[in-house]
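This report refers to the structure that appears directly beneath it.
The values are calculated or read from the model by the stated rules, or taken from the named source; none is laboratory data. Small disclaimer: the values here were computed from a predicted structure and weren't measured. A quick note on method: Cβ atoms are made from the backbone with ideal geometry, for glycine too, and the neighbour counts reach across all protein chains shown. These area figures cover heavy atoms from the full protein model, side chains too; ligands, DNA and RNA do not enter into them. Shrake-Rupley method; radii C 1.70, N 1.55, O 1.52, S 1.80 Å.
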Amino acid sequence: MSVIYILLSISVVVATFFLIVFIVSVKKGQYDDTYTPSVRMLFEDELKEEQENQNNQ
Amino acid sequence: MEERSCFHCGDPVGKHPIHYDEKDFCCHGCKTVYQLFTENDLSCYYDLTRSPGAIPKELEGKYDFLSNEAIIEKLLEFDDGTTQVTSLYIPHIHCSSCIWVLENLQKLNAGIVASQVNFPKKTVRVTFKEKETSLKDLAVLLSRIGYEPYISLEDHNTANNTVDRSMVYKLGVAGFAFGNVMLLSFPEYFQTEGFWLDQYKTFFRWLMFCFSLPVVFYTGSSYFISAYKGIRSGFLNIDVPIALGILTLFLRSSYDIIFDLGSGFFDSLTGLVFFLLLGKFFQQQTYSFLSFERDYRSYFPIAITRLKKNGTEENIPVNEIEKGDLLLVRNEELIPVDGILIRGNAHIDYSFVTGEAVPIQKKSGDKVFAGGKQLSGSIELEAIRSVEQSYLTQLWSNDIFNKDKEHRFQTLTDAISKRFTIAVLAIAVISTSFWLYQDPSKALNVFTAVLIIACPCAIALSAPFTLGNLLRIFGKKKCYLKNTQVIERLAKIDTAIFDKTGTLTTHRRSNVDYHGITLQKLEEKLLKSALRSSNHPLSRSLYQVIPSESTIPLDIFEEYPGEGIAASYQDTKIKIGAASFAGGLGPKYGQTSVHIKINDTYKGYFLFTNEYRPNTRKLFQSLAKMASLGILSGDNEGEKGFLTRWLPAGVSMRFDQRPDDKLNYIKTLQEQGKTVLMVGDGLNDAGALAQSDVGISIAEDVNVFSPACDGIIDASMFEHIKDLIRLSKKGVSIIKVSFLLSLVYNITGLYFAVTGQLLPVIAAILMPLSSISIVVFTTVTTNWAARKFGEISMKTDKSHMQSNKPPIHLKPDPVKA
């Protein structure tokens, strides 16, 4: 069998996999709030800093 | 001189700040929250944003209804007997500090397991252990730290509705298929024969066929359904030619590959559907933190305290209130039904209903109407109607609230699609019959080619992209419109009607003028000192405006509820209060005044009047050029003379209008063939807002409350209503131009189709080219047309300049959200 069939089927499978992953993540509500996580991400650092400061003291 | 502001809430601290921990606070409430946060290792709250807090409200007994099992059940999202989950809407959420502190609630209450903020929606989802804490404790805790949850009857009825995400799925599927089909089509674009191509093209074609299946039958299904519905109701909407195009593309392509006639048009097919969905998606601009559908139910409390015959209290849902029930309304609570005041000192703030800035005083035995907020202490009242039958709420029994405005209006796209569809079908039939006569083998080919190339992709994209972009531009400037159709309706406005109180006037501030004999220095001091000791809302606002610097100790101070206050210092006696109390002659009926009498001499009175928004006159002058104007007010004619002089000539004015009078007046105008814009603010305008072609609500704070309407505009944008209309008109012109542009593409394509030389590659080039150029054209022109929108307000918006809050670090942009 020609290699093109194998390559094409692999690419289709990979593409379909990502489509399914996308749909599942939308379904779980991961895209419902795209703002808060961007702020929350910054807190982690500030909290750690605070703890470090306390440790230093 | 810069005034110091409260470390917690940012309000000016005034002359007597509370010092604690080397910081200034405006009140004990703010100080207590600060203490609570520092003691619980939450001081980071103040590091993220400066003065992020809100003054906690007095709340004794306020959340008692949250012990009612039936109500708890409605509010909980999840309950397994030990762990409970609930989502609460908190209007105060506005910055990163809010997110931080609300996600660290477990530090304040050990019963809370986790909490997560959804910033755009301004909600917090809390998971807590039922054994250790309760929903009521949670609500009380949130209120204590200044994050008062907003719990209403309306909101939790819809809380469990699942979000419709099918649009995103469809877009995902269409994009996936489009990308893959394009990839598979490429070999045949550049080469028509050859060993390699001949060997694999069948495989490639059938693979494309497989990819197109979900696009036609899943993603495109909404077009078929919509087209079918349109035809059945005798109306050729834009989805008819689209559905026809999709169907023809699919059948023709399948036919081509089955009989090995060509590679088919799968690339155009998937691309078409993908671009169309993209347009639809762009058109959907939702403001998740706003609701355009609210009626009185979302404003009224869930439960109220009923006093039983034996004197005990019980919490009952408001819709169970019966005529004759004795109800207890606490400080800051809403009066849910019309009733007779039995006991207590009633100062009722009707600003949400009428927009009136000054609270109204009632004596026992007076009738009080539903919708007001009690401001001083608890009162008892006897219900004389049920909630649905109250003066205000019976407005919602009008039919207009069940009608959908969207169906009463024909959009520009709908208007053009009928002619377009007929024209396309005519061209298809004529060219087919020509080819049947000339060369029958080509006839079918030409027929399908015409339907394919005439598929109005670009036309269908013009309106969504133009209006969607305008909607976003408006949103950035705090003009939140419900959907794109509102813009089209705004463009047709020829009459604009305004509510007076709360719309033309602001309910943030009121003017206080003194009429009478000038007061001596000592008298002024005495007046100020006496007012300082009083908790009456009028005393408090008067206290702010009396210029006297210092206060003096009072020898005697007495407050007579419902009448006024009497005080004395050495041998000077003062009486402050109602006309009857201080012995003065009142000003005209319906105006709020405070009278002063010193040592048996009547001195004069302070008159409270509503302050008009500064740009009202300017707005009316410029609007008069494009629409006929009118004022509909629920107040008496007191200010008619002033308004006639102040506003341009030709403004019709109607006073003493009940809520349903307003509705009927708008209806009469519409029957005369007018297209009416109604601008209002309170619940009493709800009927007129629903009846009008475009109902816009003015809000001092868009998060608090607005009645059901088509658009909510921040009060600072009030003077830009005319720009809103002007820009909407421009938007409609842009759509018309882009219709012409897309017709040019269609005609070019039709040339190839009619002459029988439409190759898949031409279709595949024309289709995306037309779509993308339309998108670029509409986006660029709308941005250009709107480049000056809302700019003037940036310069003259004084409240913005005077804001005590310093630039805020990490402050999220609410518009982005």
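Assorted remarks:
- Taking every alpha-carbon pair under 8 Å whose residues sit at least 6 apart, the range B:235-315 reaches a relative contact order of 14 percent.
- Overall form of the range B:57-158 per C-alpha gyration tensor (a/c, 1.5; a/b vs b/c): rounded
- Cα-based radius of gyration of the range B:591-672 once divided by 2.2 N^0.38 Å, which approximates compact folds: 1.50
- Chains A and B together bury some 2500 Å² of accessible area, summed over both sides, with a 1.4 Å probe.
- Mean-position separation - Cα centroids, the range B:509-534 and the range B:80-155, in angstrom: 44 Å
- In a reduced charge model with +1 at each Lys and Arg Cβ and -1 at each Asp and Glu Cβ, the protein assembly as shown shows a dipole moment near 2620 debye about its Cα centre.
- Between the range B:692-749 and the range B:244-276, the Cα center-to-center distance that results, in Å: 37 Å
- Counting only other chain Cβ atoms within 10 Å of each residue's Cβ, the peptide B:41-49 averages 2.
- Using the Cβ of B:Asp325 as centre and a radius below 15 Å, the other residues enclosed give a net charge of -2, where K and R count +1 and D and E count -1.
- Under the simplified labelling scheme, the B:Leu213-B:Phe190 pair shows an inter-label distance of 3.0 nm, with each label point 7 Å from Cα along Cα→Cβ.
- To the nearest 10, the accessible area of B:Val168 is 40 Å² with a 1.4 Å probe.
- Modelled this way, with points 7 Å down the Cα-to-C-beta line, the labels at B:Thr668 and B:Ser773 are 5.3 nm from one another.
- For chain B: accessible area per residue (Å², 1.4 Å): 45 Å²
- Chain B: relative contact order as a whole-number percent, Cα under 8 Å and 6+ apart: 12 percent
- Within the same chain, aspartates and glutamates fewer than 8 places from B:Lys625 are excluded, and of the rest, those with a Cα less than 19 Å from its Cα are B:Asp494, B:Glu719, B:Asp723.
- With a 10 Å cut-off around each Cβ of A:18-25, the average count of Cβ atoms from other chains is 3.
- Solvent-accessible surface ranking, highest first, for B:Val85, A:Val12, A:Val21 at 1.4 angstrom: A:Val21, A:Val12, B:Val85
- Counting only alpha carbon atoms, the long axis of helix B:659-671 and the longest principal axis of chain B meet at about 30°.
- Counting 0.36 nm for each residue step from B:Val545 to B:Glu313 and taking away their Cα separation leaves a gain of 79.5 nm.
- Residue-averaged beta-carbon neighbours from other chains (10 angstrom radius) around A:26-37: 5
- Sequence-distant contacts, meaning Cα pairs under 8 Å at least 6 residues apart, place the relative contact order of the range B:303-388 at 38 percent.
- Value of [θ]222 nm, deg cm²/dmol, for chain B, DSSP H segments ≥ 4, -39500 (n - 2.57) each, nearest 500: -13000 deg cm²/dmol
- Crossing angle, helix B:28-39 versus chain B [Cα axis fit, 0-90 degrees, rounded to tens]: 60 degrees
- For the range B:374-510, the gyration tensor built on C-alpha atoms gives a prolate shape. Its axis ratio a/c (a ≥ b ≥ c) is at least 1.5, and a/b is the larger of a/b and b/c.
- Panel note: the C-alpha atoms of the protein assembly as shown, placed on their principal axes, show extents of 116, 73, 58 Å (largest first).
- Separation of the alpha carbons by more than 32 angstrom is noted, of B:Lys122/B:Lys170; B:Lys363/B:Lys597; B:Lys23/B:Lys107; B:Lys121/B:Lys667; B:Lys107/B:Lys309, for B:Lys121/B:Lys667; B:Lys107/B:Lys309.
- Sequence of B:Phe752, B:Phe190 from largest to smallest accessible area, 1.4 Å probe: B:Phe190, B:Phe752
- Using 0.36 nm per residue and subtracting the Cα-Cα separation, the extra length available between B:Gln389 and B:Lys131 on full extension is 88.8 nm.
- Computed over the Cα atoms of chain B, the ratio of the radius of gyration to the Kirkwood radius (Rg/Rh) comes to 1.06.
- Which of B:Glu523, B:Glu39 is most accessible, then next, and so on - probe 1.4 Å: B:Glu39, B:Glu523
- The Kirkwood radius of the range B:1-116, taken over pairs of alpha-carbon atoms, gives through the Stokes-Einstein law at 10 °C and 1.306 mPa s a diffusion coefficient of 98 µm² s⁻¹.
- Compared with the direct C-alpha span, the chain from B:Phe642 to B:Glu382 gains 89.6 nm at full extension, assuming 0.36 nm per residue.
- The range B:303-388: C-alpha gyration tensor shape, a/c 1.5 cut-off, then a/b vs b/c: prolate
- Degrees between helix B:721-754 axis and first principal axis of chain B (Cα, 0 to 90, nearest 10): 10 degrees
- Inter-site label distance for B:Ala579 and A:Ser25 at 7 Å from Cα along Cβ, in nm: 7.0 nm
- Sulfur and carbon atoms: percent of accessible area, the range B:350-451 [1.4 Å]: 57 percent
- Threshold 10 Å² - residues in the range B:164-184 whose accessible area is reduced by that much or more when the chain is no longer isolated, probe 1.4 Å: B:Arg165, B:Val168, B:Tyr169, B:Gly172, B:Val173, B:Phe176, B:Asn180, B:Leu184
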